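Colleague: This is the structure I want to talk about, given as C-alpha cells.
The values are calculated or read from the model by the stated rules, or taken from the named source; none is laboratory data. What you are looking at is a predicted structure, and each value in this text was computed from that prediction instead of being measured. Here the Cβ positions follow ideal geometry from the backbone for every residue, glycine too, while neighbour counts run over all protein chains shown. Ligands, DNA and RNA are excluded from the accessible area calculation, which covers all protein heavy atoms including side chains. Shrake-Rupley method; radii C 1.70, N 1.55, O 1.52, S 1.80 Å.
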Amino acid sequence: MKQPAIIVPEGCREVLLHACCAPCSSAIVEWMLANGVRPTIFYYNPNIFPREEYEIRKNESKRHAESLGLTWIDGDYDHEQWRQDVCGLEGEPERGKRCEQCFTLRLTVAAQKAKELGILYFTTTLASSRWKSLEQIERAGHWAEQVVEGTTFWAQNWRKGGLYERRYQLLKEFNFYNQQYCGCEFSQRHLQPLK
C-alpha cells in the first residue's frame, strides 16, 4: 500500500502555520481545511526587505486568511534585530548557513506563538518552496520544538501531493502578488526569477 504524500500527525486537528506569503500558503491551507486540520496563520518574516515589500506580502497573506475565515496573526517586524541575528552570514550563498539561521529564528518564534495559543503543532510554508532546503527547514523546526517545550514540529514536504502545482492555480484564482525573491536583501544578490 502506497503511503500518502502528506501525513497528518496523530490527533492533529489544529496547527499554527508559519506563512511566508499568500502564494506559498494557499494550497497548504486548502489541503489542511479539506483534511480536517484548522490552521492559524502566523505571519512572521522580519527577514523581508524593504519594508514596502514586507507590507505587500503581509497584506496579501491577511487578505487570503480573512477570505477563508481563518485566524491570522501578524508577528513583529524588526528587520534590524534580524540583521543582528544573521550578522557575519551576509555573504553566505542561498541555502547556506544564513538561511538555516533565518529559518531557526523564525520557527522558534512560531513555536513560541503556538505554545502561547495552546496549539501543540506548528509547521511552515517554507517547506513548499523549491528554492529552500528541506533538510535545513526540518533541522530548524526540530530545534525550535526542543527549545520550546510542549510544541511539536510537523515536518512535511509541502511540495508533494499536487500542492506545488495547485499553488500556481490558486495564485491566479486569487490574483496574488507573486514576489520574485526570497525576501532578504542578501537573497536579491542571487536573484533568479521565480515561476
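Colleague: Consider Y177 against the criteria (1) free of Cβ contacts under 8 Å to residues at least 24 places away in the same chain; (2) touching a helix residue (DSSP H, G or I) at 6+ places or on another chain (Cβ under 7 Å): it satisfies all of them except one. Which criterion is unmet?
Modeller: Unmet for Y177, out of (1) free of Cβ contacts under 8 Å to residues at least 24 places away in the same chain; (2) touching a helix residue (DSSP H, G or I) at 6+ places or on another chain (Cβ under 7 Å): (1).
Colleague: Could you pull out every one of the helices (runs of 4 or more DSSP H) wholly within the stretch 1-94 that has 3 or more residues that are among the aliphatic types (A, V, I, L, M) and touching a Phe, Trp or Tyr at 6+ places or on another chain (Cβ under 9 Å)?
Modeller: Values: elements: 22-34, 51-67, 79-85.
Counting at least 3 such residues, we get 22-34.
Table: residues versus (1) outside any helix (DSSP H, G or I); (2) surrounded by 23 or more Cβ atoms within 10 Å (Cβ to Cβ); (3) among the aliphatic types (A, V, I, L, M); (4) touching a residue at least 24 places away in the same chain (Cβ under 8 Å).
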| position | (1), (2), (3), (4) |
| --- | --- |
| E100 | no, no, no, yes |
| Q112 | no, no, no, yes |
| T123 | yes, yes, no, yes |
| R130 | yes, no, no, yes |
| Q136 | no, no, no, yes |
| R139 | no, no, no, yes |
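Colleague: For the stretch 59-68, what are the residues that are open to solvent by 50 Å² or more (accessible area, probe 1.4 Å) and more than 17 Å from P46 (Cβ to Cβ)?
Modeller: We begin by selecting, within the stretch 59-68, every residue open to solvent by 50 Å² or more (accessible area, probe 1.4 Å); these are 59, 62-63, 66-68.
Those that are open to solvent by 50 Å² or more (accessible area, probe 1.4 Å) and more than 17 Å from P46 (Cβ to Cβ): R63, E66, S67, L68.
Colleague: Do you know which residues across the stretch 69-90 are touching a residue at least 12 places away in the same chain (Cβ under 8 Å), of a type outside the set (D, E) and either open to solvent by 70 Å² or more (accessible area, probe 1.4 Å) or touching a Lys or Arg at 6+ places or on another chain (Cβ under 6 Å) (or both)? Walk me through how you get there before you give the answer.
Modeller: Of all residues in the stretch 69-90, those touching a residue at least 12 places away in the same chain (Cβ under 8 Å) come to 70-79, 81-82, 85-86, 89-90.
Now drop any that are not of a type outside the set (D, E), which leaves 70-73, 75, 77, 79, 81-82, 86, 89.
Matches in the stretch 69-90: T71, W72, Q81, V86, L89.
Colleague: Run down F174, F153 and say which single residue is buried (at least 21 other Cβ atoms within 10 Å of the Cβ) and either touching a strand residue (DSSP E or B) at 6+ places or on another chain (Cβ under 6 Å) or modelled with pLDDT of 90 or more (or both). Before you say what the answer is, go through the steps one by one.
Modeller: Numbers: F174 fails: buried (at least 21 other Cβ atoms within 10 Å of the Cβ).
Going through F174, F153 in turn, the sole match is F153.
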